[in-house]
Amino acid sequence: VGEITIHHYLYLSAILFFIGVFGVLFRRNLIVMFMSIELMLNAVNLSFVTFARYSSTMDGLVIAFFVMALAAAEAGIGLAILVMLFRNRTTVQADDLTLMRD
Amino acid sequence: MQALMFYIFAVLSVAGAVVMVSRKNPLSGAFALVVSLVALAGLFAMLSAEFIFILQILVYAGAIMVLVIFTIMLLNLDEKELHEARVGKLQVFILLAVCAVCVVGFVNVFSHIPAVVTAVGPDFGSIEGVGREMLGDYLYPFEVISLVLLVAIVGVVLLAKKVI
């Protein structure tokens, strides 16, 4: 177990991001896809904070804060859309939402 | 000690994320995601970003996940509605390979940044330090963010109404 460098954090951030990508691409449940997007935002936040720490500037922290504020707005809107969708179509599966195709 | 803490938090966050993506039931997925987010908060604390650490607990693991869990429980999906088609193994392996290449590429792009930490003052990452930065150089983005939040509130109220 050696010293923790910037690469450790960046690898972790990239791995978490791609777990989120897997969730969005391979899951059809809209709630799980939504949570995967939250995970991706968080992975990017980890990158921002890591860069801020390793370059000793605080800009990354401010941007991480902005990402969090946008994620909160996105969560509110996204879940409202989800509830409305469920009320109208009684499904949360992306495969069942073929209104534009049929 | 530092390294041990890093690996504990890293394993917890990856494990939580994997469980979240792979569980069929979104509720157990949501709780796994909470574990992942709290572990990430620990990593933010290790990076001496105490303001972001507090926000991660309050906003992410607190407010946003409560909202998600509340929605999941409100919808109260049954077994039939949770059914999903299985994904092909080939697709998973192809994406896994692409992701592995991207991960290594992403980390090596930033090889010019110093890889070890330098000491920072006590102000770094504190609420006061980030606040000064936020209301100084980043004043206009900060105002725009507040506008975005206002628009989001109006949008949610409109969406939640039964008849528009």
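Points worth noting:
- Electrostatic dipole magnitude of the protein assembly as shown [Cβ: Lys, Arg +1; Asp, Glu -1; Cα centre; debye, to 20]: 840
- Of the residues B:V92, B:P114, B:M46, the one whose Cα sits farthest toward the positive end of the charge dipole of the protein assembly as shown, with +1 on the Cβ of Lys and Arg and -1 on the Cβ of Asp and Glu, is B:V92.
- Estimated dipole of segment A:35-102 in Debye, rounded to 20 [Cβ of Lys and Arg +1, of Asp and Glu -1, Cα centre]: 80
- Placing unit charges on each Cβ (+1 for Lys and Arg, -1 for Asp and Glu) gives chain A a dipole about its Cα centre, and among A:I37, A:F86, A:G20 the Cα reaching farthest toward its positive end belongs to A:F86.
- Computed from Cα positions, the angle between helix A:59-89 and the longest principal axis of chain A comes to roughly 10 degrees.
- Relative contact order (%) - segment A:8-102, alpha-carbon pairs under 8 angstrom, separation at least six: 28
- Each residue in A:T50, B:T118 was given a count of other beta-carbon atoms within 10 angstrom of its own, and listing them fewest first yields B:T118, A:T50.
- Net lengthening on full extension, B:N25/B:F110 (0.36 nm per residue, minus Cα-Cα): 26.8 nm
- Segment B:1-67 and segment B:108-125: distance between their alpha carbon centers, rounded to Å: 22
- HN-Hα J in Hz across segment B:83-95 - Karplus 6.51, -1.76, 1.60, θ = phi - 60°, x for Gly and Pro: 5, 10, 5, 6, 8, x, 5, 4, 4, 4, 5, 4, 5
- Cross-link partners of B:K162 among lysines, defined as those whose alpha carbon lies under 27 angstrom from its own and excluding same-chain residues fewer than eight positions apart: B:K80.
- Neighbour net charge for A:N29 - beta-carbon separation under 11 angstrom, K R +1, D E -1: 0
- On Cα atoms only, tilt of A:6-26 relative to the major axis of chain A in degrees: 10
- Across every pair of non-identical alpha carbons in the protein assembly as shown, the mean reciprocal distance, once inverted, gives a Kirkwood radius of 19.6 Å.
- Peptides B:128-135, B:90-97, B:55-62 ranked from most to least packed, by the mean per-residue count of other Cβ atoms within 10 Å: B:55-62, B:128-135, B:90-97.
- Charges were assigned to the Cβ only: +1 to each Lys and Arg, -1 to each Asp and Glu. The resulting dipole of segment B:1-108 about its Cα centre is roughly 260 debye.
Bear in mind that the values in this text are calculations on the coordinates, not laboratory data. A quick note: this is a predicted structure, and the numbers were derived from the prediction, not measured. Don't worry about glycine lacking a Cβ; one is built from the backbone with ideal geometry, like all the others, and counts go over all protein chains shown.
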